[in-house]
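A quick write-up on the structure given underneath.
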Amino acid sequence: MIGRGKGGGGYNSVGKDSAEEKTVSEFEICSFFVTTDNGIVLHDRYLRPSEADAFIGVVMPFHYFMKRPDPLREDRSFVMTKTSRDFIGIEDANADTVKAIADLSFHLTIGNMDEAFK
C-alpha cells in the first residue's frame, strides 16, 4: 500500500490529490500481515526511496520499484529493489530461512511470543 501523509498524520489514497501537490518525501510504503484471526496488522512502513517512481510489488525478501527516468544514469535498468527490514544483511538467504524469518516476524508483530521462538 502506498499512502500520502497529511499534516495530522492521516492518510489519503494516492490519486485523490492533484499531481502538483505530491512530492517524493510524502509517500510511504506500508506492509501488512493479513489473517482471518488477527485481521490487518501493520508490519512495516518507510518512505518511498527518492530514486523510485512507482511501487511494483513484493517477493520476499525484496520490495520492487520502478526507477525514476534519468537520462544521465549509466545503469539502464528500470527496476530497483529495497530489502525488507527483517532481511537486511541476509538478502541471499535460502527459501527455508526466508520462510522462518517471515514466520518469526509475523508472530512478533501480532504479539505471539511463544510461537515466535519455536
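The numbers here are math on the coordinates, done by the rules we state, and not lab data. Because the structure is predicted, anything quoted here is derived from the model rather than measured. Methodologically, a virtual Cβ is constructed for each residue, glycine included, from the backbone with ideal geometry; neighbour enumeration extends over all protein chains shown.
Computed quantities for the displayed model
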| item | result |
| --- | --- |
| Any chance Glu74 is surrounded by fewer than 14 Cβ atoms within 10 Å (Cβ to Cβ), more than 21 Å from Asn112 (Cβ to Cβ), touching a residue at least 12 places away in the same chain (Cβ under 8 Å) and not β-branched (Val, Ile, Thr) | no |
| Residue in region 80-99 that is hydrophobic (A, V, I, L, M, F, W, C), surrounded by 10 or more Cβ atoms within 10 Å (Cβ to Cβ) and assigned to a strand (DSSP E or B) present | yes |
| Residue under evaluation Ile56, criteria (1) touching a residue at least 24 places away in the same chain (Cβ under 8 Å); (2) aliphatic (A, V, I, L, M); (3) within 12 Å of Ile29 (Cα to Cα), criterion not met | (1) |
| Condition check for Met66: surrounded by 10 or more Cβ atoms within 10 Å (Cβ to Cβ), more than 30 Å from Gly39 (Cβ to Cβ) and not basic (Lys, Arg) | yes |
